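In what follows, a single structure is set out as structure tokens and then discussed.
The values are calculated or read from the model by the stated rules, or taken from the named source; none is laboratory data. Every value quoted in this text rests on a predicted model; they were computed, and no experiment measured them. Note: ideal-geometry Cβ built from the backbone for every residue, glycine included; neighbour counts use all protein chains shown. Ligands, DNA and RNA are excluded from the accessible area calculation, which covers all protein heavy atoms including side chains. Shrake-Rupley method; radii C 1.70, N 1.55, O 1.52, S 1.80 Å.
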Amino acid sequence: MPRPRSPLLSAEAIVRAALALVDATGDFSFPRVARELGVSQAALYNHIDNREHIIELMRGLVFSEIRHVDTRNLPWEEALRTLAHEYRDCLVDHPRLVPFLVAQTVRDLGVMGIYEDMAQVLGRAGLDRATIVPAITTVDYLVLGSALELTAPEVVWSPPEGKFPALTEAIGDLGPPAHRSDTAFAFGLETLLAGIRKVTKAGF
């Protein structure tokens, strides 16, 4: 059988090429994806509808790596802690994708399942319906913010010598972005868990 004259295309190949561009440059476009794959831009539209479609497929691809957590057989704190870490682990290799993900509606069913698990765990923790979404949103802040920290410069604050002494002392040994991100995420998550314990015991 003769070889095809043009590369074989699939939605997965397109999405992986787009994700590689985002990881490397912080952005993607249909013309650039087509060049990476050695095809015409028009050929992409046989598999992808538009820019929003490809972003949602990137979301699904990144989160397809999440490990299933049997939250029903874990205490709620351990379940939420594990879910948050699994959620974050999917993004640490793709921090430049975060701005794209937060800018559009979540439609991927696999990702929706992560939020369903969190909602169930928070309900078991004793939060009422009105506070479950704010709690999930706070987890989002922690996960997405800590992922974005991985794109930050080595030096975040540069106070003038002799000024802002408390800040200068606090930033004296921050470490590289990956360490800062890990430390802040762990601190924020444990603070959130403590807050949930407090409000549920207080009966709010």
* All positions within the range 152-182 that are of a type in the set (Ser, Thr, Tyr) and open to solvent by 70 Å² or more (accessible area, probe 1.4 Å) -> 158
* Between a first residue in the range 94-120 that is within 21 Å of residue 189 (Cα to Cα) and open to solvent by less than 40 Å² (accessible area, probe 1.4 Å) and a second residue that is at pLDDT below 95 and not in a helix (DSSP H, G or I), which pairs have beta carbons less than 6 Å apart while being 6 or more apart in sequence or on different chains? -> 95/150; 95/151
* **Single residue of the range 68-79 satisfying the filter (modelled with pLDDT under 90 and assigned to a helix (DSSP H, G or I)) that is surrounded by the fewest Cβ atoms within 10 Å (Cβ to Cβ)** => 73
* Going through the range 126-147 one residue at a time, which ones are farther than 15 Å from residue 186 by Cα and either of a type in the set (A, V, I, L, M) or touching a Leu at 6+ places or on another chain (Cβ under 6 Å) (or both)? -> 127, 130, 132, 133, 135, 136
* If you go through the range 26-37 one residue at a time, do you hit one that is closer than 29 Å to residue 118 by Cβ, open to solvent by 50 Å² or more (accessible area, probe 1.4 Å) and not aliphatic (A, V, I, L, M)? -> no
* To do: Quick one: count up the residues across the range 80-93 that are within 17 Å of residue 139 (Cβ to Cβ) and open to solvent by 30 Å² or more (accessible area, probe 1.4 Å).
  => 5
* Considering the range 8-67 alone, what residues qualify as being under 15 Å from the mean Cα position of the chain (by Cα), over 12 Å from residue 100 (Cβ atoms) and not in a loop (DSSP other than H, G, I, E, B)? -> 60, 61, 63
* **Pair list, Cβ under 7 Å, 6 or more apart: the range 147-159 residue without any contact (Cβ under 8 Å) to a residue 24 or more places away in the chain and over 24 Å from residue 100 (Cβ atoms), other residue of a type in the set (Ser, Thr, Tyr) and open to solvent by 50 Å² or more (accessible area, probe 1.4 Å)** => 159/168
* For residue 143, are the conditions met, namely being open to solvent by less than 40 Å² (accessible area, probe 1.4 Å), within 29 Å of residue 171 (Cβ to Cβ) and in contact with a helix residue (DSSP H, G or I) (Cβ under 9 Å, 6 or more places away or on another chain)? -> yes
* If you go through the range 38-56 one residue at a time, how many are closer than 16 Å to residue 106 by Cα, touching a residue at least 24 places away in the same chain (Cβ under 8 Å) and open to solvent by less than 60 Å² (accessible area, probe 1.4 Å)? -> 3
